[in-house]
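*Asks:* Just dropping this structure here.
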Amino acid sequence: MDIAKVVGVDVGRKFKRRVGRGSGSGNGKTSGRGSKGAASRTGFGGLLHREGGQMPLIRRLPKRGFRNSLFRVSYEVVNVDRLADFAGKPVTPDVLKEAGLLPRSAKLLKILGNGELAAKLEVHAHAFSSSARKKIEDAGGSAVVIAAKCGPEKA
């Protein structure tokens, strides 16, 4: 029984089902799992790729081409038009994290050239697009490349 429905108040959480506590609870004996079969046993679940006797979809599909997902370098991106608020101080990944423009988990930052920039800025990032570098330098600022702390395989 859900206590929130009885009281009529949204308590913001789901109560854990107490199973196997007698037939009066509504979830006794087989604990709501039915009588037999794999689904009634403990440890069943997480087998989403199983399809009975049928060949699983992942094994039926052809594997072709080159996948570089282990060594992919992924950057968090910020456009130059978002940097106008930081005039007068160096723009670093830490400053952008504090301002909420980057997630805390961001490792590598790339500045892209979307938008306009009028303020003179000193921007520190791991990579710049050519248009972003041009817009920063045309505004009288500088684009400083930060060496990555970790190699591309860990980025």
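*Asks:* Rounded, prolate or oblate for the range 82-135? Axes are the square roots of the Cα gyration tensor eigenvalues, ordered a ≥ b ≥ c, and the cut-off for rounded is a/c under 1.5.
*Replies:* Here the range 82-135 falls in the oblate category.
*Asks:* Report the full-extension gain for the segment residue 49 to residue 73: residue separation times 0.36 nm, less the Cα-Cα distance, to one decimal in nm.
*Replies:* Using 0.36 nm per residue and subtracting the Cα-Cα distance, I get 5.7 nm.
*Asks:* Hey, any idea what % of the chain's accessible area is carbon plus sulfur with a 1.4 Å probe?
*Replies:* Using a 1.4 Å probe with all protein chains present, the chain comes out at 52 percent carbon and sulfur.
*Asks:* Under a Cβ-only charge scheme (Lys and Arg +1, Asp and Glu -1), can you give me the dipole magnitude of the range 15-124 about the Cα centre, in debye to the nearest 20?
*Replies:* Dipole magnitude for the range 15-124 comes out near 1380 debye.
*Asks:* I've got another one for you. Specify the longest stretch of the chain that does not include any exposed loop site, a site being one of the GluC sites (Glu not before Pro) with a non-H, G, I, E, B DSSP assignment and at most 15 other Cβ atoms within 10 Å.
*Replies:* 52-115
*Asks:* Next question. Assuming 0.36 nm per residue, please report the length gained on full extension of the stretch residue 15 to residue 114 beyond their Cα-Cα distance.
*Replies:* 30.8 nm
*Asks:* While we're here: Mind scanning 63/110; 97/135; 110/134 and naming the pairs with a C-alpha gap bigger than 24 Å?
*Replies:* As for pairs spanning more than 24 Å Cα to Cα, those are 63/110.
*Asks:* I would also like to ask the following. Can you give the local net charge around residue 59? Use residues other than it whose beta-carbon is closer than 12 angstrom to its beta-carbon, Lys and Arg +1, Asp and Glu -1.
*Replies:* +2
*Asks:* Once the dipole of the range 51-155 is set up with Lys and Arg at +1 and Asp and Glu at -1 on Cβ about the Cα centre, which of 136, 146, 62 lies farthest towards its positive end?
*Replies:* Of the candidates, 62 comes out farthest on the positive side.
*Asks:* When a/c reaches 1.5 or more, the comparison of a/b and b/c decides; with that in mind, is the range 51-112 rounded, prolate or oblate per its Cα gyration tensor?
*Replies:* Prolate shape, in that a/c is at least 1.5 and a/b is the bigger ratio.
*Asks:* Provide the per residue accessible area, probe 1.4 Å, for the chain, rounded to a whole number of square angstrom.
*Replies:* Accessible area per residue: 76 Å².
*Asks:* With springs only between Cα atoms under 10 Å apart, run a GNM on the chain and tell me which of 67, 13, 50 wobbles the most.
*Replies:* 13
*Asks:* Can I ask one more? Send over the semi-axes of the range 53-155's equivalent ellipsoid, whole angstrom and largest first, taken as the square roots of 5 times the C-alpha gyration tensor eigenvalues.
*Replies:* They are 37, 14, 13 Å, listed from largest to smallest.
*Asks:* Between 120, 29, 63, where does the largest GNM mean-square fluctuation fall for the chain, given springs only between Cα atoms within less than 10 Å?
*Replies:* Maximum fluctuation in the GNM of the chain, among the listed residues, is at 29.
*Asks:* How large is the Rg to Rh ratio of the range 1-95 when both quantities use alpha carbon positions and Rh follows Kirkwood?
*Replies:* 1.26
*Asks:* Putting +1 on Lys and Arg Cβ atoms and -1 on Asp and Glu Cβ atoms, find which of 80, 48, 119 reaches farthest to the positive end of the dipole of the range 41-155.
*Replies:* Selected residue: 48.
The values are calculated or read from the model by the stated rules, or taken from the named source; none is laboratory data. Every value quoted in this text rests on a predicted model; they were computed, and no experiment measured them. When we count neighbours, we look across all protein chains shown, and the Cβ atoms used for this are built from the backbone with ideal geometry, even at glycine. Surface accessibility is based on the protein's heavy atoms, side chains included, excluding ligands, DNA and RNA. Shrake-Rupley method; radii C 1.70, N 1.55, O 1.52, S 1.80 Å.
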